[in-house]
Amino acid sequence: MEDTLFERNYRDHKSWFTATAKDPYRVVVYFHGKGTVEGTRAFLKVMDEAITEFPNELPKSALLDLSDLAHTPIRGQAMMGKWLLKNKHLIARVALVGAKRWERLVAKAVMKIARMKRIDFFDNHAQAHQWLDTTTTS
């Protein structure tokens, strides 16, 4: 079993997440509960920390498991979109697992605005990891 190189946990009154990296190029995040703006801020801070902690291992990829997240506020999604636009040169690919219809629509809109084709949606982790393992990015 691989050692964990990076781990961060967050919990507020409605949501929680765990972010880990066993590979300095990939962060895996499991979200739970009901999404909050505070949780979004904490998540973006964690992503900044992962980039700072491994500055020579760029660009990063991320697997975000939203399967157990009941709601994502539009303000939080806008914050994530703004962060992605600002940092897209640092992000190779983002795999979203278990995203609801609304989350997919917002993510697709952000991708279109950012001209970013490196985000995709999956039903399970195996598919997501396989896609993240591919070397081509566009």
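The values are calculated or read from the model by the stated rules, or taken from the named source; none is laboratory data. These numbers were taken from a predicted model, which means no experiment stands behind them. Note that each Cβ is placed from the backbone with ideal geometry, even for glycine, and that neighbours are counted across all protein chains shown.
Number of residues in region 52-71 that are among the small types (G, A, S), in contact with a Phe, Trp or Tyr (Cβ under 9 Å, 6 or more places away or on another chain) and more than 14 Å from V27 (Cβ to Cβ) equals 1.
Taking E103, is it farther than 19 Å from A42 by Cα, of a type in the set (D, E) and surrounded by 14 or more Cβ atoms within 10 Å (Cβ to Cβ)?
On the way: farther than 19 Å from A42 by Cα: no; of a type in the set (D, E): yes; surrounded by 14 or more Cβ atoms within 10 Å (Cβ to Cβ): yes.
Against the criterion (farther than 19 Å from A42 by Cα, of a type in the set (D, E) and surrounded by 14 or more Cβ atoms within 10 Å (Cβ to Cβ)), E103 does not qualify.
Among the residues of region 117-126, those identified as touching a strand residue (DSSP E or B) at 6+ places or on another chain (Cβ under 8 Å) and either in contact (Cβ under 8 Å) with a residue 40 or more places away in the chain or outside any strand (DSSP E or B) (or both) are R118, D123, N124, H125.
Contact annotation: residue pairs with Cβ atoms under 7 Å, 6 or more positions apart or on different chains, pairing a residue in region 72-92 that is in contact (Cβ under 8 Å) with a residue 60 or more places away in the chain with a partner that is surrounded by fewer than 15 Cβ atoms within 10 Å (Cβ to Cβ), are A92/T137. Exactly one residue out of A78, A62 is buried (at least 20 other Cβ atoms within 10 Å of the Cβ) and of a type in the set (G, A, S): that is A62. With a requirement of 3 or more residues that are more than 20 Å from K117 (Cβ to Cβ) and among the hydroxyl-bearing types (S, T, Y), the strands (runs of 3 or more DSSP E) lying completely within region 1-90 that satisfy it span 15-23.
Modelled with pLDDT of 95 or more and not small (G, A, S), is that true of H32? For H32, the condition - modelled with pLDDT of 95 or more and not small (G, A, S) - is met. Quick one: count up the residues across region 94-115 that are in contact with a strand residue (DSSP E or B) (Cβ under 8 Å, 6 or more places away or on another chain), in a loop (DSSP other than H, G, I, E, B) and either among the small types (G, A, S) or at pLDDT below 80 (or both). Residues meeting the conditions: 2. Against the condition more than 17 Å from A128 (Cα to Cα), in contact with a Lys or Arg (Cβ under 6 Å, 6 or more places away or on another chain) and surrounded by fewer than 19 Cβ atoms within 10 Å (Cβ to Cβ), how does H32 come out, does it pass? Spelling it out, it is not the case that H32 is more than 17 Å from A128 (Cα to Cα), in contact with a Lys or Arg (Cβ under 6 Å, 6 or more places away or on another chain) and surrounded by fewer than 19 Cβ atoms within 10 Å (Cβ to Cβ). Report yes if H13 is buried (at least 18 other Cβ atoms within 10 Å of the Cβ) and over 11 Å from the mean Cα position of the chain (by Cα), otherwise no. No.
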